[in-house]
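The values are calculated or read from the model by the stated rules, or taken from the named source; none is laboratory data. It should be emphasised that the depicted structure is a prediction, and the values quoted were computed from it without experimental measurement. Here the Cβ is made from the backbone with ideal geometry for all residues, glycine too, and neighbour counts use every protein chain on show. Calculation scope for accessible area: heavy atoms of the full protein, side chains included, ligands and nucleic acids excluded. Shrake-Rupley method; radii C 1.70, N 1.55, O 1.52, S 1.80 Å.
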Amino acid sequence: MSDAAAASPAVVHRHAVRVYWEDTDAGGVVFYANYLKFFERARTEWLRALGLGQQLLREATGAIFIVSDTALRYRAPARLDDLLEITVAPTEIGRASMVLAQQAWRGDLLLCEGTIRIGCIDAVSFRPRRFPTQITERLAPLSTP
């Protein structure tokens, strides 16, 4: 296990992503901004695995999630046809936002790591709001005391 993996928060979700032509630049290397897409897909599937489909959540509660801050570090390139594993690990869970550590791996090689802050807002007013009860109940076991 690499030093980065040893220092990482506890992973709660893993999502496989295959690199396609549309993900790469002219050199066949994943375009840097596409890691944000890969991370988004993994977060969406993590929430779905928790029973928190985002469209259903919006319809039932009027709450939606937004990304309010990102920081990524690129360590090694991913290339066309690579099979990546994208991880999700909550590091902070508040009343209206959470911070997630995410990583992209090819086998045991860490390619990209990031910190993503997600906020909860009202779908109509776009003003910050607390997470709906369904969310806090499912995220509570992941919070550190």
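Per-structure values
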quantity	calculated
Total residues in region 63-77, condition of a type in the set (S, T, N, Q) and more than 11 Å from Glu113 (Cα to Cα)	1
Breaking point among (1) modelled with pLDDT of 95 or more; (2) of a type in the set (Asp, Glu); (3) within 19 Å of Thr136 (Cα to Cα), for Asp108	(3)
Within region 62-84, considering residues that are crowded, with 17+ Cβ neighbours inside 10 Å and touching a Lys or Arg at 6+ places or on another chain (Cβ under 7 Å), the one nearest to Phe131 (Cα to Cα)	Ala63
Counted residues, region 107-116 - those being in contact (Cβ under 8 Å) with a residue 12 or more places away in the chain and surrounded by fewer than 17 Cβ atoms within 10 Å (Cβ to Cβ)	3
Region 24-52, subset touching a residue at least 24 places away in the same chain (Cβ under 8 Å) and outside any helix (DSSP H, G or I), residue most open to solvent (accessible area, probe 1.4 Å)	Tyr32
Which listed residue is surrounded by 14 or more Cβ atoms within 10 Å (Cβ to Cβ), of a type outside the set (Phe, Trp, Tyr) and without any contact (Cβ under 8 Å) to a residue 40 or more places away in the chain, from Glu59, Glu92	Glu92
Evaluation of His15 against (1) out of contact with any strand residue (DSSP E or B) (no Cβ under 7 Å at 6 or more places or on another chain); (2) open to solvent by 40 Å² or more (accessible area, probe 1.4 Å); (3) at pLDDT 90 or above (one fails), failing number	(1)
